[in-house]
Amino acid sequence: MATATLKFVRLSPIKARLIAKEVQGMNAEHALASLQFTPNKAAGVISKVIASAVANSDIEAEDLIVHSCRVDKGPELKRFKPRARGSASGIRKPTSHIFVEVIEAGE
């Protein structure tokens, strides 16, 4: 089993989880190919993490399965936007932590 982690990504965890659920249980090579054609920022980030986990395993991508792809909530960047009459409203910029585990197909 090999893992890869990417922390503090400026990406909403809700949007990233939609992509992470699609690739769980897939062959690693097939997951990378399908993420390449998914028009989403999260798809590009998750494909890089899967590629890193495959490289950490020292096994070919066709022999690996994405065992788990988990997206956790990171800290939020808090910003303010000026509004009418001298007031301000808050803006929350979420971050994510992405964890990927790959295992051999025979396990």
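Under the classification rounded if a/c is under 1.5, otherwise prolate if a/b is larger than b/c and oblate if not, where does region 1-54 fall, given a ≥ b ≥ c as square roots of the Cα gyration tensor eigenvalues?
In terms of gyration-tensor shape, oblate.
Using only the alpha-carbon atoms, how far is helix 41-57 inclined from the longest principal axis of the chain? Give it as 0 to 90 degrees, nearest 10.
That helix lies at roughly 40 degrees to the long axis.
Under a 5 Å amide H to amide H cut-off, with H placed in plane at 1.01 Å, what residues pair with M26 once short-range neighbours are removed?
So M26 has HN proximity to V66.
Which whole-Hz ³J(HN,Hα) couplings does region 19-35 yield from phi under the Karplus relation 6.51 cos²θ - 1.76 cosθ + 1.60, θ = phi - 60°, glycine and proline marked x?
Working through the residues one at a time gives 6, 5, 5, 5, 8, 5, x, 7, 5, 4, 5, 5, 5, 5, 5, 6, 6 Hz.
Karplus couplings for region 67-80 from phi (6.51 cos²θ - 1.76 cosθ + 1.60, θ = phi - 60°), rounded to Hz, Gly and Pro as x?
For region 67-80, the Karplus curve yields 6, 8, 9, 10, 10, 10, 7, x, x, 9, 7, 9, 10, 10 Hz.
Most fluctuating residue of G74, G44, G90 in a GNM of the chain with Cα springs under 10 Å: which is it?
Maximum among the listed residues: G90.
So, in nm, how far is label K7 from label Q24 when the simple model puts each one 7 Å beyond its Cα toward the Cβ?
Going by the 7 Å Cα→Cβ label model, 2.3 nm.
Taking only pairs that are 8 or more places apart or on different chains, how many Lys pairs in region 33-102 have Cα atoms under 17 angstrom apart?
For region 33-102, the number of qualifying lysine pairs is 5.
Among A20, A42, F8, whose Cα projects farthest towards the positive end of the dipole of region 1-52, with charges put on the beta-carbon of Lys, Arg (+1) and Asp, Glu (-1)?
F8
Over what distance in Å are the Cα centres of region 1-34 and region 65-106 separated?
Result: 14 Å between the Cα centres.
Rounded to the nearest 20 debye, what is the charge dipole size of the chain about its Cα centre when +1 sits on each Lys and Arg Cβ and -1 on each Asp and Glu Cβ?
Dipole of the chain, to the nearest 20 debye: 1680 debye.
Which residue, A33, A20, A84, tops the fluctuation ranking in a GNM of the chain built on C-alpha contacts under 10 Å?
A84
No lab work stands behind these numbers, since they all come straight from the coordinates. Remember, predicted model here, so these are calculated numbers, not experimental data. Neighbour counts are summed over all protein chains in view; Cβ atoms, including those assigned to glycine, are modelled from backbone coordinates with ideal geometry.
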